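Engineer: Here it is: the structure, laid out below.
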Amino acid sequence: MDLTIIVPLFNEEESLSELYSWIERVMKENGLSYEVMFIDDGSTDGSWNIIESLRQEHPEVRGIKFRRNYGKSPALFCGFARAEGDIVVTMDADLQDSPEEVPEMVRMIREEGYDLVSGWKKKRYDGKLSKNLPSKLYNWTARKVTGIHLHDMNCGLKAYRREVVKNIEVYGEMHRYIPFLAKNAGFGKIGEKVVHHQARKYGVSKFGLNRFVNGYLDLMSLWFLNKFGKQPMHFFGLLGSLMFIVSFIAIIVLGASKLIALAHGIPARLVTDNPYFYITLTGMMLGTMLFLTGFIGELISRSSSSRNDYKIEKEM
């Protein structure tokens, strides 16, 4: 099978039949064998009824229904686990992603050797300033932190080699950073294609501005886990040691200055009356706690069942 097209959705009953008809037409025009997997993320409208009726008429349609709303990442995780196509495509169900872009993305993977091709909605039609400015800042930050030069990291329209989705774990709200997860798993050839963005035809967006705050926190989590996940002592131990040493030297200087003053007959107040004494003492305690945090992190890391989970590409 050439393609598995995964469509996560939540309360999108108006658009599903139209979306499938559009996908079917494009796939047939390009001679691609395919399956469409609709992941119903706990919809409360008639979305699942539409999926069931599509399944009865079209054997290419598959469906998964969650008992409640879990989010986009769990939906993609379940879809990736069940995907059978050589290339896996993800797109949103709201008709803002065009299936017309899929054949060219497939060509880029097959002929140009990309592991992952991400869409870039260069010209958007949801032109709200409250969305576009945070989105630009978010993507700029993501490029700097991940080293992946994509203009639209969070675009829902993406195409992957099958091996990519089988070697990454999408959890929490990490769907925003699938290119980064793929890079960390050893799939470094990541491309981008300018795609057509359409205005939403039905319903309203299911995402609020809080996604930018959550996205930033998730990005920092991914960066830290990638950098220090298996060696937490390298971060906490170094930071704690530096803080302890600097604070210890500072407290020695305080004590020495008091002794020098007394040796010269100069009145000097008690060290404990000096606010710097308590600052340095706090620094030493924080340094010790950071060091112990790194030590405990190392113990947890060493006992993890995935500590030697390395991605092996070939073996003879």
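Engineer: I'd like to know if region 36-47 contains one or more residues that are in a loop (DSSP other than H, G, I, E, B), modelled with pLDDT under 95 and more than 25 Å from Val170 (Cα to Cα).
Structural biologist: Yes, there is a match, as at least one residue in region 36-47 is in a loop (DSSP other than H, G, I, E, B), modelled with pLDDT under 95 and more than 25 Å from Val170 (Cα to Cα).
Engineer: Can you spot a residue in region 301-313 that is modelled with pLDDT under 90 and either more than 35 Å from the chain's Cα centre (by Cα) or surrounded by 13 or more Cβ atoms within 10 Å (Cβ to Cβ) (or both)?
Structural biologist: yes
Engineer: Of these, Val204, Val213, Val253, which one is modelled with pLDDT under 85, in a helix (DSSP H, G or I) and β-branched (Val, Ile, Thr)?
Structural biologist: Working: Val204 fails: in a helix (DSSP H, G or I); Val253 fails: modelled with pLDDT under 85.
It is Val213.
Engineer: As an exercise: evaluate Pro179 against (1) open to solvent by 40 Å² or more (accessible area, probe 1.4 Å); (2) closer than 26 Å to Ser301 by Cβ; (3) touching a strand residue (DSSP E or B) at 6+ places or on another chain (Cβ under 6 Å) and give the number of the one condition it does not meet.
Structural biologist: Unmet for Pro179, out of (1) open to solvent by 40 Å² or more (accessible area, probe 1.4 Å); (2) closer than 26 Å to Ser301 by Cβ; (3) touching a strand residue (DSSP E or B) at 6+ places or on another chain (Cβ under 6 Å): (1).
Engineer: What do you reckon, is Phe244 touching a Ser or Thr at 6+ places or on another chain (Cβ under 7 Å), open to solvent by 60 Å² or more (accessible area, probe 1.4 Å) and within 30 Å of Lys227 (Cα to Cα)?
Structural biologist: yes
Engineer: Taking into account only those residues within region 269-300 that are aliphatic (A, V, I, L, M) and touching a Lys or Arg at 6+ places or on another chain (Cβ under 9 Å), which is modelled with the lowest pLDDT?
Structural biologist: For region 269-300, the residue satisfying everything is Val271.
Engineer: Please verify whether region 141-162 includes one or more residues that are part of a helix (DSSP H, G or I), open to solvent by 40 Å² or more (accessible area, probe 1.4 Å), more than 26 Å from Tyr70 (Cα to Cα) and without any contact (Cβ under 8 Å) to a residue 12 or more places away in the chain.
Structural biologist: yes
Engineer: Now, a different point. Just name the residue that is modelled with the highest pLDDT out of those in region 173-199 that are part of a loop (DSSP other than H, G, I, E, B) and closer than 15 Å to Cys155 by Cβ.
Structural biologist: Filtering first and then ranking leaves Val195.
Engineer: Give the residues of region 90-127 that are closer than 14 Å to Val195 by Cα and of a type in the set (Val, Ile, Thr), sorted by residue number.
Structural biologist: Across region 90-127, the qualifying residues are Thr90, Val102, Val106, Val117.
Engineer: Among the residues of region 68-93, count how many are part of a loop (DSSP other than H, G, I, E, B) and under 17 Å from Arg176 (Cβ atoms).
Structural biologist: Result for region 68-93: 4.
The values are calculated or read from the model by the stated rules, or taken from the named source; none is laboratory data. Because the structure is a prediction, the values reported are computed rather than measured. With ideal geometry, Cβ positions are generated from the backbone for all residues, glycine too; neighbour counts draw on all protein chains shown. What goes into the accessible areas is simple: the full protein's heavy atoms, side chains included, and nothing from ligands, DNA or RNA. Shrake-Rupley method; radii C 1.70, N 1.55, O 1.52, S 1.80 Å.
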